[in-house]
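Colleague: Got a structure here, written out as structure tokens. Questions coming.
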Amino acid sequence: MTLIQEIIGAFTGQNRRDKNKEVVLGVLGGLTVGVIGALLLAPKSGKETRQDIKDCAGKAYDKAGDVAQLAYNKAQDLAELLKQQGQEAFNTFTRQGRSLERKARITAREIGKGTGRTLDSIKASLEAEGETTGSEPTENDEV
């Protein structure tokens, strides 16, 4: 198991579920061995014992199928949950990005307006200065 898988498992609780699953499988395995041992030691005929073992093996097979199906369903549920959370995070980031873009456009527009007003003010000031001196600035005049 990689470090990333362990970290994800710690956050999702998967590590705990894996350990619980191992315990359950160990108990089921021990129970199966115990039942088979009891059947072999029971005072029955060989034919009856073989039939009992066959029945027990069939039940264990069915139980293993049930456990596998349960694990599959849980994995599907987890995958769907992760998909939904990923989509929600994507949507949140997209909304925040659009909001920041709008704010940047508004700020740029305001800066542009302020710059225009400043240029108009400078132009008016220069024009007023030109009227008081009585001459228009020419291209050769230094600014």
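Colleague: With labels modelled as points extended 7 Å from the Cα through the Cβ direction, what inter-label distance (nm, one decimal) is found for Lys63 paired with Glu110?
Modeller: For Lys63 paired with Glu110, the spin-label model returns 7.0 nm.
Colleague: If the chain between Leu119 and Asp55 were fully stretched, how many nm would it gain, using 0.36 nm times the residue separation less the Cα-Cα distance?
Modeller: Details: separation 64, 0.36 × 64 = 23.04 nm, distance 9.52 nm.
That works out to 13.5 nm of additional length.
Colleague: Whole number please: convex hull volume per residue of the Cα set in the stretch 17-135, in Å³? Could the numbers behind the result be given before it?
Modeller: Numbers: hull volume 10.8 nm³, N = 119.
Roughly 91 Å³ of hull volume per residue.
Colleague: Rolling a 1.4 angstrom probe over the protein heavy atoms, how many square angstrom per residue are accessible across the stretch 72-134? Could you put the intermediate results ahead of the total?
Modeller: On the way: 5540 Å² over 63 residues.
Heavy-atom accessible area per residue stands at 88 Å².
Colleague: Right, something else. As a test question: what accessible area, to the nearest 10 Å², does Leu82 have when a 1.4 Å probe is rolled over all protein chains in place?
Modeller: Surface accessible to solvent at Leu82 totals approximately 90 Å².
Colleague: Go through the stretch 25-98 and name the trypsin sites (Lys or Arg not before Pro) that are in a DSSP coil and have 14 or fewer other Cβ atoms within 10 Å of their Cβ.
Modeller: Values: sites: Lys44, Lys47, Arg50, Lys54, Lys59, Lys63, Lys74, Lys83, Arg95, Arg98; in loops: Lys44.
Answer by residue number: Lys44.
Colleague: Ordering Ile106, Ile36 from largest to smallest accessible area (1.4 angstrom probe), what's the sequence?
Modeller: On the way: Ile106 90, Ile36 60 Å².
Sorted descending by solvent-accessible area, the residues read Ile106, Ile36.
Colleague: Could you pull the accessible area for Leu31 with a 1.4 Å probe, rounded to 10 Å²?
Modeller: Estimated to the nearest 10 Å², Leu31 gives 110 Å².
The values are calculated or read from the model by the stated rules, or taken from the named source; none is laboratory data. What you are looking at is a predicted structure, and each value in this text was computed from that prediction instead of being measured. Please note: Cβ atoms are built from the backbone with ideal geometry, for glycine as well, and neighbour counts cover all protein chains shown. With ligands, DNA and RNA removed, areas are computed over all heavy atoms of the protein, side chains included. Shrake-Rupley method; radii C 1.70, N 1.55, O 1.52, S 1.80 Å.
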